[in-house]
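Have a look at the structure that comes next, please.
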Amino acid sequence: MATIEEEVRLIDRARRGDLEAFESLYEIHKGSVYRTALAIIGDRSAAEEILQETFLRAYKRMNTVRKGVSLAPWLYRITVNLAYDYGKARSRNWQVALDGIVEQLIAPASASPEQTVEERELYGLVYEAIDKLEFKQRVALVLFYLHDFSLTEVAEIMDCPVGTVKSRLYYARENLRRELLADQRLPVGLVYEFT
């Protein structure tokens, strides 16, 4: 992982047409861009397409990146917009490994095989509940919990005020809690531990 200073130097070089610098930026960000698209869309093939399209657009518009800042928020904004367009164009079916979100919401410490099975079942229930979230709430959750972006960064990526992000996260957690409480397969005490 490059430091912000190294990344800024790579961005400056890429702005001047240095393909090797752009490839380095791609290597730095490709994994998290792909995981973001996959978490939002739930289709590996579509996530790969979104990854490629994100970097194609980034390459064409490198001169619009603000000087002296990380490329991440700008890339995630492109990724979220592409995922949104994809989601509007096709019906969604996204039973995917949102382990980052689920682990942060649940954070279990499994040791035995029985606990591992219970943990997987619990993940499945949380995935089902996350799947029922409205698109913008799901995106806010992915960016905030999976990628640890600040509220300000999520607002920049989603092109909305910080207050709107806070609201989306609040309602996402409330809707997630409501869905999980309604699910009779989950012990009620656990719901409050991870929502």
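Need one value: the accessible area of ASP159 in square angstrom, 1.4 angstrom probe, rounded to the nearest 10.
Near enough 110 Å² of accessible area.
With every protein chain left in place, what is the accessible area per residue of the stretch 1-76 in square angstrom, probe 1.4 Å?
Details: 4070 Å² over 76 residues.
On a per-residue basis, the stretch 1-76 sits at 54 Å².
Now, a different point. For the stretch 147-188, go through all pairs of different Cα atoms, get the mean of 1/r, take its inverse, and jot down that Kirkwood value in Å. Please list the in-between numbers first.
Numbers: mean 1/r = 0.0864 Å⁻¹.
With all distinct Cα pairs of the stretch 147-188 included, I get 11.6 Å.
In square nanometres and to one decimal, what's the mean projected area of the convex hull around the Cα atoms of the stretch 1-83?
With every direction weighted equally, the projected area is 4.8 nm².
Let me ask something additional. How large, in percent, is the carbon and sulfur part of the accessible surface of the stretch 4-69 at a probe radius of 1.4 Å?
Working: 1720 of 3650 Å².
With neighbouring chains kept in place, the figure for the stretch 4-69 is 47 percent.
Largest first, what is the accessible-area ranking of VAL162, VAL142 with a 1.4 Å probe? Mind dumping the intermediate values first?
Working: VAL162 50, VAL142 0 Å².
I get VAL162, VAL142, largest accessible area first.
For the residue pair GLN52 and TYR171, what label-to-label distance in nm results when each label sits 7 Å from Cα along the Cα-to-beta-carbon direction?
Inter-label distance under the simple model: 3.5 nm.
Okay, next question. For the stretch 127-177 and the stretch 16-36, what is the centre-to-centre distance using only Cα atoms, to the nearest Å?
Distance between centres, Cα-based: 25 Å.
Check which residues have an amide H placed less than 5 Å from LEU71's amide H, if you skip close sequence neighbours.
For LEU71, no residues qualify.
The values are calculated or read from the model by the stated rules, or taken from the named source; none is laboratory data. This one's a predicted model, so the numbers in the text were calculated from it and none came from an experiment. Here Cβ is always computed from backbone atoms with ideal geometry, including for glycine, and neighbour counts include all displayed protein chains. Just so you know, the surface numbers come from the protein's heavy atoms only, side chains and all, with ligands and any DNA or RNA stripped out. Shrake-Rupley method; radii C 1.70, N 1.55, O 1.52, S 1.80 Å.
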